[in-house]
Amino acid sequence: MPDPDTPVPWRLRSDLEIEPAERFQLQAWTIKDHLRLSYFRVEAEELAFLKLLDGRRPLSAVASDLERQFPGSTFSTINLRMFLNSAISGSLLRSTQPGFGSRLAAVARQQQSAATFRRLFSILTHRFRGVDPSGVLKWLHETIGWVYQTWFLRLCMAVILAAVMMVVPRLEQLKTELPQMTELAAGGHIPLLLVAIIVVKVLHEIGHGLTCHHFGGECHELGILVVGFLPLLYCDVSDSWLQQDRHRRIFVASAGIAVELILAATCGILWAISNPGPLHALFLNIFLVCSLNTLLINGNPLMRYDGYYVASDLLRIPNLSSESRGCAGAWFDRVVLGIPRLAGKQRSVAADIGLTGFAVASSVYRILMVATLLFVMQQLLRPFGMELIAGLLSATVLLGFLVSLMQGVRRRFADVGHSLPGRLRALGGVSVLAMLVIGLLWVPFPHYVSAPFTLEPGTAVPIYVTVPGHAEPLVSLGDQIEAGTAIARLHNAELDLLTARTAGDMRLAETRIAGLRSRRAAVPASATALPAAVKAAAATRARLDTLTEKSSHLTIRSPVSGIVLSAREIPRPGWKDRNQGAWFGNPLDHANGTVWVEEQTLLCWVGQYTQLRATCLVAQQDVEFVLDQAEAELVFRSVASRPRSGHVVHIHLTPEVAVSRELVTTRQIPTIDPRSGIPAETLYSVQVQLNPMESEPQPPLYATGSARIQCPPMSLAERIWRLICHTFAFRL
């Protein structure tokens, strides 16, 4: 480490613009670099340190002057040298000695290479510079500057309040319509949804830039920010940092959130007053996109977006992220490595705990966001057999994390020093921490398998039509009937005519036999013709018995007692497929009247509600964890707010070759061909029986939903290993 009595050959650049960060307060200052269009926030002590650098004075003398300017504060040369390095890296200083240009260029190239390397291992954000929107913002402010008038802001608040009052009472309707948003996934609606999202994001960024311009700031960069593989616009409003009124800075940072909230409120009102259809679903999508984006990303202080800067100004901690990481690092140094805390900023214990918690929470949230994005990408690519892309991205992110971790460990051990006791203390702390982490990885946690399902008749008795005819329903769906009850009566005029004609033929045959028998003594030929007539009569009798048997089946009776359950409804035919006499729905629907049903048509089911089964389609990689009698939670799409419990009663050992029409229609399972229902991946059927609940209404037959099946506990290490194995399609 250089001698603290050696002169520091650096001084503050004279072309920097330095303004107080807060009006009438001098605790923090904002430094603007007009050459790089970059901004820095420093505290009063740090600015005083930069101004004391004259290129000739050593760090020890600078520290002494600082202690005289700020009585009660202690400044160590280690902390001052660290801040000096940061100021040099930020190009706030210029060298007073020749020969530093080449060294600075080498450092810049090294930093650029490191930044490129970090971008290669980051999938969360990438920034691409765009255009200068200053002219557009100036024109917009001259045109619609009235949006900052008090009356308009009050109108926006009224719209948001009205949306809350209209949407909250319709929460059940919203939950019910959430699955129906997949209607927009159809080819004709995707461009409309994409255009709507792009418009929302453009308005969001214009809100930032226009507000910054309204308060006298400059905005020279409007580019593209890739967040989790999604290209979004961004507007650089860093010039708002020069604002001495922190309320104005908060307004600039929260302008995009306000725009999205107003859009969400407007679309929420339009959704509440519109009829079902594509636009109705589009309003709901925009409402959810704006709301969730504000809650999870832009308005979330755990990520460095709008909510982060609002929280930073509210807490009066300009560099909240770096301050919290530094505080967390200090705790790690003291507890794990045994490094004593260096003299510096003095905070209360509560402030230290809060900043440390913020650093941990933001890190965990970012990791969860990255993991969620990778998982979603893998699920989207799985039907196309391109999971390897998601696997490569996962490996890239993991490699970047390991490289960053190794660099951090190396820097931390360099701070420990060369003393043997210090290194042993640090090694012991790291070992204990590693054992705790490994133990946490092997602790079993509850494990669940999710799968879409269809509620089917299960073990109920199917009632088929054995003779074609016009069906006249004698009972209604849901009726409780006894064994032998007539369910429907079929009318077949052709069968009735043929039966009557055969009966007439039978009577003629019997009359002929009687005549031959009466004449056989007088007429020998009658005796000879009698055997043939008897044989013909027997054949006619057999035909008549067959027809009579068929006629007896025209009245369809239930073989068991139970409830009349609906068969799958026949879909409404299209205009091209429609023919005379075609019908749709259910044959026992009285609205259809008497409909013609062919032989082997499923008329209905007869059974009890306890016999119903939820047929869950479980992916191949998950079915191995499902056990017989395992508990399951079933959430029906029609009643999402009231989940039902059940247990596994049967696991099929052969893959399913087709998906039910209901799951294909609702797009809960990707298929190769929607018409045939062939699944895009290997699925196994798992039968789940619902537990009886007297207070809850019975869900309709063939209703769909999502099942959550409880499996044996699994540790995090096992989950990670399974994810790696299934992603790269190999096992060791």
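Could you work out how far the C-alpha centroid of the stretch 402-470 sits from that of the stretch 507-561, in angstrom?
80 Å
How much length is gained on full extension from Ala361 to Leu508, taking 0.36 nm per residue of separation minus their Cα-Cα distance?
Details: separation 147, 0.36 × 147 = 52.92 nm, distance 9.66 nm.
Working it through step by step, the gained length comes to 43.3 nm.
Between Leu16 and Lys51, what is the label-point separation in nm under the 7 Å Cα-to-beta-carbon projection?
That separation, rounded to one decimal, is 1.2 nm.
Would you mind checking Lys138/Lys175; Lys32/Lys201; Lys175/Lys201 for any pair whose Cα atoms are more than 32 angstrom apart? Don't skip to the answer; put the middle values down first.
Working: Lys138/Lys175 43 Å; Lys32/Lys201 28 Å; Lys175/Lys201 25 Å.
Pairs exceeding the cut-off: Lys138/Lys175.
Once Lys and Arg get +1 and Asp and Glu get -1 on their Cβ, which of Leu498, Thr540, Pro524 lies farthest toward the positive end of the dipole of the stretch 493-553?
Pro524
Order 701-709, 40-48 from most to least packed using the mean count of other Cβ atoms within 10 Å. It would help to have the intermediate numbers written out before the result.
Numbers: 701-709: 20.4, 40-48: 18.2.
In descending order of packing, they fall as 701-709, 40-48.
If I stretch the segment between Leu627 and Trp721 completely, what's the gain in nm (0.36 nm per residue apart, minus their alpha carbon distance), one decimal? Provide the component values of the computation, followed by the final result.
Working: separation 94, 0.36 × 94 = 33.84 nm, distance 2.11 nm.
That pair, Leu627 and Trp721, stretches by 31.7 nm at full extension.
Let's test the formula: R0 of 35 Å, r as the Cβ-Cβ distance of Tyr39 and Val335. What FRET efficiency results, to the nearest 0.05?
Details: r = 34 Å, r/R0 = 0.98.
Efficiency at R0 = 35 Å is approximately 0.55.
Sorting check: for 431-443, 249-261, which peptide has the highest mean count of neighbouring beta carbons within 10 Å, and how do the rest follow?
Packing order, densest peptide first, comes out as 249-261, 431-443.
Express in nm, to one decimal, how much length is gained between Asp132 and Leu194 on full extension, taking 0.36 nm for each residue of separation and deducting their alpha carbon distance. Could you put the intermediate results ahead of the total?
Details: separation 62, 0.36 × 62 = 22.32 nm, distance 2.45 nm.
That works out to 19.9 nm of additional length.
In what sequence do Ser322, Ser552 fall when counting other Cβ within 10 Å, fewest first? Mind dumping the intermediate values first?
Working: Ser322 13, Ser552 10.
Result, fewest neighbours first: Ser552, Ser322.
Return Met166, Met377 ranked ascending by Cβ neighbour count within 10 Å, so the fewest neighbours appear first.
Met166, Met377
Using the beta-carbon distance between Asp245 and Leu441 and R0 = 45 Å, what value does 1/(1 + (r/R0)^6) give for FRET efficiency, to the nearest 0.05? The partial results should precede the final answer.
Numbers: r = 49 Å, r/R0 = 1.09.
Efficiency, from the Cβ-Cβ distance: 0.35.
So for the pair Thr665, Val432, with labels modelled 7 Å out along Cα→Cβ, what separation do we get in nm?
Roughly 6.3 nm, to one decimal.
Using label points projected 7 Å from each Cα along Cα→Cβ, tell me how many nm separate Ser86 and Ser348, to one decimal.
About 2.4 nm, to one decimal.
First measure r as the distance between the Cβ atoms of Ala542 and Ala486, then evaluate 1/(1 + (r/R0)^6) with R0 = 25 Å and state the FRET efficiency to the nearest 0.05.
Details: r = 27 Å, r/R0 = 1.10.
Calculated value: 0.35.
We did not get these values from a lab; they are worked out from the coordinates using the rules stated. Remember, predicted model here, so these are calculated numbers, not experimental data. Positions of Cβ are generated from backbone atoms using ideal geometry, with glycine treated the same way; all protein chains shown enter the neighbour counts.
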